[in-house]
1. Principal axis lengths of segment B:204-254 from Cα atoms, whole Å, largest first?
2. Which helices, counted as full DSSP H runs in chain B, have an axial Cα extent of no less than 20 Å and a Kyte-Doolittle average of -0.5 or above?
3. List the lysines whose Cα lies under 25 Å from the Cα of B:Lys25, skipping any in the same chain that are fewer than 8 positions away.
4. I need the phi-derived Karplus couplings for segment A:134-151: 6.51 cos²θ - 1.76 cosθ + 1.60, θ = phi - 60°, integer Hz, Gly and Pro marked x.
5. Restricting things to alpha carbons, tell me how big the protein assembly as shown is in terms of Rg and Dmax, in Å.
6. Could you list the square roots of 5 times each eigenvalue of the Cα gyration tensor of segment A:16-174, that is, the equivalent ellipsoid semi-axes, sorted largest first and rounded to whole Å?
7. Just the number, please: carbon plus sulfur as a percent of the accessible area of segment A:16-174, 1.4 Å probe, no ligands or DNA/RNA counted.
8. Give the distance, in whole Å, between the Cα centre of segment B:134-174 and the Cα centre of segment B:20-34.
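The values are calculated or read from the model by the stated rules, or taken from the named source; none is laboratory data. Computed from a predicted structure; not experimentally measured. Quick reminder, even Gly has a Cβ in these numbers, built from the backbone with ideal geometry, and neighbours come from all protein chains shown. Ligands, DNA and RNA are excluded from the accessible area calculation, which covers all protein heavy atoms including side chains. Shrake-Rupley method; radii C 1.70, N 1.55, O 1.52, S 1.80 Å.
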Amino acid sequence: MYHWDFYVVFQSFDLFLWGIWATFLYTVGSILIGGIVGLAAAFARLSRFAPLRIAARTYQEVFRCTPLLVQILWAYYALPLLVGYTISNTTAGLLMLSFYVGSFYAEIFRGGINAVDKGQTEAALAVGMSGLQNMRHIVLPQAVKKMMPAFINQSVIQVKNTSLLYAISIPELTYMTAVVNSETYRPLESFTLAGVMYFALLFPLTQFADVLERRMRRSD
Amino acid sequence: MDTTIDPAISVRQLNKRFGALHVLKDIDLDVMPGEVLGIIGPSGSGKSTLIRCMNMLEAPSSGTLSFKGRPVGRRFRSAAGDIGTGELRRRVGMVFQHFNLFPHLTVLQNVTKGPVVVLKQSAAEAEATAMALLAEVGLESKRDEYPAHLSGGQKQRVAIARALAMKPDVLLLDEVTSALDPELVGEVLNVIRRLAENGMTMVLVTHEMAFAADTASRLIFMEAGRIAETGSPDEVLHNPKSERLRSFLSRFHA
Ligand SMILES: Nc1ncnc2c1ncn2[C@@H]1O[C@H](COP(=O)(O)OP(=O)(O)OP(=O)(O)O)[C@@H](O)[C@H]1O
Ligand SMILES: [Mg+2]
């Protein structure tokens, strides 16, 4: 029978906290950058200018159809050979996480915008609004509501995806857990604790997404 | 012509194609200020498309549209000779068959949104106008409701108030009662009738022949993308010249 001993692991609790902090920073940073990239890509996909549509579509498919781990390793080890200077693991990691989530956000945003009834745009234009005013005052407020559950779900996945940064030695929660493990030789306690922490972080978020979704369905 | 009054809306040789489908064919039409022009005709004859061309929700394939003597351009902004689609739509209101109220805004906000965003009115000014209009259509008490909580007739009256809040010179109405339960049609028609009595220039597509007869000052009958007959409601409804109009009307005499 295995003898659980969390004591030694708890002694390294500060390492876990640093790990959580880094996980948080990479999550929030990549969600922000990815949000902007995704919004730009979504508008590009909705544009009347074909080259813009094709460029955005290409970006999306490249990032959606290759594994994030490969993207991260590629940006860190391969991209420097192409551009001729080194790229820090921070930059490579943040960049790839952002573009990766951006490619999924773009689809969520586009879907949300398209889900707004065309009659809304017609009514907005009919009172003399410009395309931009229509987007800002009429379409986006409705689209945001429609896309919120999918956006939160994607962001939950994003928290978990930061664990892949382990591969390029970024000291997020998974990496820090490995450090604790190598110091304590307590893999069962270390990785169990890491799992519990991820769960504690994410479970409230998925619950929140469910509540939102249910409330939306009721208000329709 | 030596008349000094420009038509509110003037359509010349207007054609509209959707791909291979030729929907409007060489339409010539003037809407004079104060006139209530009714448009009748079978389904698919191009009534909606014509009225949507009048505020450039559909861009004509060829031909010209003028507003008060000024040609309408394709761009949003008005230019030297042309009036832009933005200004045109500010001054030509539209009411839709399916209301198209903004569901994320309250009744009051639905009415004030255009004046605030487009006309840059202050919130207070827009609200004062909106409340007066909501009173006119009998919906003051619903100011803070969301559209989802209104009946169809109430929604359409809000939509009319929303259009009127822009103080348009012309109001376009496309079958505004055909999505309503029969018992709610009257309350909307009453509002429109009152607008007509107050001299509002209107173009209305309708299947309500009795309403067209006593509200419109002129009727046109559309058939396969053309204006097949035009005249006073009495002439068009009671003295049809063509066999097509006669058979169209026979469907309404029940
Ligand atoms: N956006 C569009 N794309 C393609 N075809 C269209 C479009 N809008 C209208 N049409 C076609 O143009 C023709 C005229 O349509 P329109 O809606 O103007 O007719 P209508 O007289 O208003 O008919 P109804 O009484 O049924 O409303 C129809 O054949 C319709 O299918
Ligand atoms: Mg129609």
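1. On the principal axes, segment B:204-254 reaches 24, 23, 18 Å in Cα extent.
2. B:182-197
3. Excluding near neighbours in sequence, the set is B:Lys16, B:Lys47, B:Lys68, B:Lys241.
4. Per residue, the Karplus-derived 3J(HN,Hα) values read 4, 4, 5, 9, 10, 6, 4, x, 6, 5, 4, 4, 5, 8, 4, x, 5, 5 Hz.
5. For the protein assembly as shown, the Cα radius of gyration and maximum Cα-Cα distance read 30.4, 107 Å.
6. After scaling each eigenvalue by five and taking roots: 34, 18, 11 Å.
7. 72
8. Using only Cα atoms, the two centres lie 28 Å from each other.
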